[in-house]
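Before any comments, here is the structure.
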Amino acid sequence: MVSCFTGELNGSYLDLQTSNMPHFVYIYHKKSMSTAQTIKVNYGIDAPGVVRNLFLGGLAAFLIPVFFPVITIGSVIIDTRGLFWTAGGCTLGGILMLAYSLYGKYKHRDRMLNLVSWTGNEQVLDIGTGKGLLMIGAAKRLTTGKAIGIDIWNAEDLTGNTIQNTVKNTIAEGVADKTQILNENAMEMSFADNTFDVILTNMTLHNIYDKPGRQKACTEIARVLKPGGVAVIADFRHAKEYKSNFDELGTQNTLYRADYFRTFPAVSVLVVKK
């Protein structure tokens with residue numbers, strides 16, 4: 001059974017088709033060349049809950065010594081002024097995470113995409129596409145190729161993290177005809193073996209909390225990557241684990257050092273060639 005929603009978005013039709021299979025497919029029908037100009041691109045704030053908690057923690061750590069510089073509990077005297085350092089650390093962490101979301105992730109995206117030798121006819125997969133930053137960046141480098149983005153759209157990962165907002169970004173960036181968006185799990189993808197020339201994923205696989213699950217996702221990436229294809233995997237955790245997984249799968253793997261200047265937390269990049 002298939003259900004279909006069709007809505008009009010600033011002069012263009014947007015179809016969201018769903019079925020009992022675990023994915024959504026969007027189809028964009030262009031009606032007006034001016035549509036993209038009326039939609040604002042928004043790639044969101046990454047890990048908004050973490051950013052919020054860092055600022056709240058910093059505020060609390062600042063206010064406690066301001067109002068209670070010394071706390072006495074029975075015979076125990078606690079000097080809370082050391083919390084000013086905690087306040088500074090939490091606030092700085094929040095600022096750096098915001099800076100990554102607003103500026104750094106665009107430089108990081110370009111770093112990842114520049115690791116691929118593009119011809120323009122690639123079939124591209126972006127795992128954990130979110131609001132489409134990597135998928136859209138790849139699509140802009142394509143001529144006859146196509147970029148597919150998959151995600152399960154967890155709200156905690158990104159502000160406004162919905163498939164509808166991802167579609168809006170593809171329209172605003174002028175690549176709706178070169179992209180497709182699916183709701184799929186990285187551990188169990190529906191694609192045939194040897195489907196993609198390029199696979200991209202940024203700070204996604206660490207969201208699989210168990211090690212066997214991350215290993216399964218790596219196996220799936222190797223399965224759907226074409227012989228001669230390249231996967232670019234970026235994450236701030238488990239990079240050596242990913243490399244070990246792909247080493248066991250027989251791919252050629254290069255792990256690049258973490259980028260401490262454009263990403264926070266610092267993100268390492270693994271390039272996998274099949």
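Observations on the structure shown:
- Nearest-ten-degree value, helix 48-67 long axis tilted from longest Cα axis of the chain: 10
- Scattering from the chain was approximated by placing one identical point on each alpha carbon and applying the Debye formula without solvent; log10 I(q)/I(0) at 0.10, 0.12, 0.13, 0.15 1/Å stands at -0.58, -0.78, -0.88, -1.11.
- Partners of LYS178 within straight-line reach, counting aspartates and glutamates whose Cα lies under 17 Å from its Cα and excluding those fewer than 8 residues away in the same chain: ASP15, GLU122, ASP126, ASP197.
- Residues CYS90, CYS218 in ascending order of nearby Cβ atoms (within 10 Å, fewest first): CYS90, CYS218.
- Violating pairs (Cα-Cα greater than 27 angstrom) within the set LYS140/LYS211; LYS240/LYS273; LYS168/LYS211; LYS40/LYS107; LYS105/LYS146: LYS140/LYS211; LYS168/LYS211
- Global geometry of segment 153-192, whether rounded, prolate or oblate, following the gyration tensor of its Cα atoms and the 1.5 cut on a/c: oblate
- Segment 112-273 - Debye-derived log10 I(q)/I(0), Cα point model, q = 0.09, 0.14, 0.21 Å⁻¹: -0.26, -0.66, -1.55
- Simple spin-label estimate for PHE261 and ASN154 gives 3.1 nm between the two label positions (7 Å along the Cα-to-Cβ direction from each Cα).
- Counting other Cβ atoms within 10 Å as a rough exposure proxy, the listed residues TRP118, TRP153, TRP85 run TRP85, TRP118, TRP153 from fewest neighbours to most.
- Arranged from fewest to most other beta-carbon atoms within 10 Å of their beta carbon, ILE171, ILE64 become ILE64, ILE171.
- Within the chain, antiparallel bridges make up roughly 60 percent of the DSSP beta bridges whose residues both belong there.
- Relative to the current alpha-carbon distance between GLU241 and LYS140, full extension at 0.36 nm per residue lengthens the span by 33.2 nm.
Every read-out reported here was derived from the displayed coordinates using simple, explicitly stated rules and does not represent laboratory data. Not measured: the values here are computed from a predicted model. Quick reminder, even Gly has a Cβ in these numbers, built from the backbone with ideal geometry, and neighbours come from all protein chains shown.
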